[in-house]
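Novice: Please read through the structure below; I'll follow up with questions.
Just so it is clear, none of the values below were taken in a lab; they were calculated from the coordinates. All values reported here derive from a predicted model rather than from experimental measurement. Every residue, glycine as well, gets a Cβ built from its backbone with ideal geometry; the counts of neighbours run over all protein chains shown.
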């Protein structure tokens, strides 16, 4: 399972894409918001590339995607899943 | 370390598999008998007041959503048909079994039933079983744990502790402490109850597909493992702080890729409102 940490209102975890690229997943809002979950990848030079999770579904393995979307629902969703506890 | 068993010595020396309630066994016989009719089934349900009550409460729950008040068992049987009634009877029987289990396990199992329905819809198993059967698959997938809680409480607790300290999935810790895991034990109980072979093997293989000899049944076991994983990722594992993992082969076997995940979870999240209602039916 991913190690999530709370940073302000966001939850952040290190992730590895299926192509081996590493980045951070940042959860900021509910699933209806396209920018509610993003992947931040180290770009060339000092620039970082930010992609909504919805646009890089194919680059995330199914288990990782389940973890991300379930955590997003636990934090920001209305379905009633238990809220996460952070260390 | 505790005594080690294999499944046969465990069943011979320690665990007595509970019988399916006689009324549910009789319903199973009737449903397998081409000369029987729905009135016969309704009569058997009516003779078991607890089963009749649970059947009516389930039929009238928002989860089943029949759209009108059903006040008699005969009406319920006529409206819902054989397959649904059979699954209602199994579900009611399982809820009785869960009266021995923990609240967390019941919550996890009901969630797994809902998750299994959502997974089924988008998996390669679609058509192998119907959605009501899928709910029973989820409800029963950890039934072996109830037997461990009842017959081997200390060993079960040791396995949980080992799972936490060594960051092992529970089923691997159970194998180390007891020699048998809950999936294998659950499979034996389901076989004893005379439920379908595909259900028994799906339960046996939900953590490890190799436990299912017939490769044609592995997709169902994989789908069940995925439903279990979704519950863990949703913060509702079978035991608090459980180590939640899934073998990557499950996704391939169930025919589910990342593309289908958002739709599976949409369906799952939309059904979570039924969980409390279904859990209340258990008591």
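Novice: Find the centroid of the Cα atoms in segment B:1-80 and in segment A:48-84, then give the distance between the two in whole Å.
Specialist: First find each Cα centre; the distance between them is then 38 Å.
Novice: Right, another one. To test your reading of the geometry: what angle, between 0 and 90 degrees and rounded to tens, separates the Cα axis of helix B:182-192 from the longest principal axis of chain B?
Specialist: That helix lies at roughly 30 degrees to the long axis.
Novice: Next question. Inside 10 Å of the C-beta atoms of B:229-237, what's the mean count of C-beta atoms belonging to other chains? Could you put the intermediate results ahead of the total?
Specialist: Details: counts 5, 4, 2, 4, 13, 11, 9, 4, 0.
Counting other chains' Cβ atoms within 10 Å and averaging over B:229-237 gives 6.
Novice: If I histogram all Cα-Cα distances within the protein assembly as shown using bins 10 Å wide from 0, what percent of pairs lands in each bin?
Specialist: In order of increasing distance, the bins hold 5, 23, 31, 24, 12, 4, 1, 0 percent.
Novice: Report the dimensions of chain B along its three principal axes from the alpha-carbon atoms, largest first, rounded to Å.
Specialist: 53, 47, 34 Å, listed from the longest principal axis down.
Novice: Ok, one more. Pick from B:262, B:131, B:21: which is most flexible by mean-square fluctuation in a GNM of chain B where alpha carbon atoms under 10 Å apart are linked?
Specialist: Fluctuation is largest for B:262.
Novice: Give me the three principal axis extents of segment B:169-246 from the C-alpha atoms, as integers in angstrom, largest value leading.
Specialist: Cα extents, longest axis first: 33, 26, 22 Å.
Novice: Please average, across the residues of B:245-253, the number of beta carbons from any other chain that are within 10 Å of each residue's own beta carbon, and give a whole number. Intermediate results must be reported in sequence, preceding the final value.
Specialist: Numbers: counts 2, 3, 1, 3, 0, 2, 4, 1, 0.
Across the residues of B:245-253, the mean count of other-chain Cβ atoms within 10 Å is 2.
Novice: Can you tell me the 0 to 90 degree angle between the C-alpha axis of helix B:22-31 and the longest principal axis of chain B, rounded to 10?
Specialist: Rounded to the nearest ten degrees, it is 70.
Novice: Okay, next question. Report the full-extension gain for the segment residue B:270 to residue B:104: residue separation times 0.36 nm, less the Cα-Cα distance, to one decimal in nm. Write down the numbers at each step before the final one.
Specialist: Details: separation 166, 0.36 × 166 = 59.76 nm, distance 2.09 nm.
So the chain would gain 57.7 nm between residue B:270 and residue B:104.
Novice: Oh, and also: Restricting to DSSP H runs of at least four residues, report the calculated mean residue ellipticity at 222 nm for chain A, -39500 (n - 2.57) per run over all residues, nearest 500 deg cm²/dmol.
Specialist: So the calculated ellipticity at 222 nm is -5500 deg cm²/dmol.
Novice: Here's a follow-up. Mind checking which of B:211, B:159, B:270 has the largest fluctuation in a GNM of chain B, springs on alpha carbons under 10 Å?
Specialist: B:270
Novice: Evaluate the distance, in nm, between pseudo-label points positioned 7 Å from the Cα of residue B:245 and of residue B:280 along their respective Cα→Cβ axes.
Specialist: 4.0
Novice: Same structure, new question: Go ahead and run the numbers for FRET between residue B:22 and residue A:21, Cβ-Cβ distance against an R0 of 45 Å, rounding to 0.05. Write down the numbers at each step before the final one.
Specialist: Numbers: r = 60 Å, r/R0 = 1.32.
Taking R0 as 45 Å, the efficiency between residue B:22 and residue A:21 is 0.15.
Novice: Moving on. If r is the Cβ-Cβ distance from residue A:3 to residue B:82 and R0 is 45 Å, what FRET efficiency results, to the nearest 0.05?
Specialist: On the way: r = 49 Å, r/R0 = 1.08.
Efficiency, from the Cβ-Cβ distance: 0.40.
Novice: Taking only Cα atoms and a 10 Å spring cutoff, compute GNM fluctuations for chain B and point out the largest among B:196, B:23, B:163.
Specialist: Result for chain B, Cα springs under 10 Å: B:196 fluctuates most.
Novice: Provide the FRET efficiency to the nearest 0.05 for the residue B:216-residue B:126 pair, computing r from the beta carbons and using R0 = 22 Å.
Specialist: Working: r = 15 Å, r/R0 = 0.67.
According to the calculation, E is roughly 0.90.
Novice: Further question: Based solely on its DSSP helices, what 222 nm [θ] is calculated for chain B when runs of n ≥ 4 H residues each add -39,500 (n - 2.57) and the sum is averaged over all residues, nearest 500 deg cm²/dmol?
Specialist: Numbers: 16 runs with 180 residues, N = 283.
Per the formula, -19500 deg cm²/dmol.
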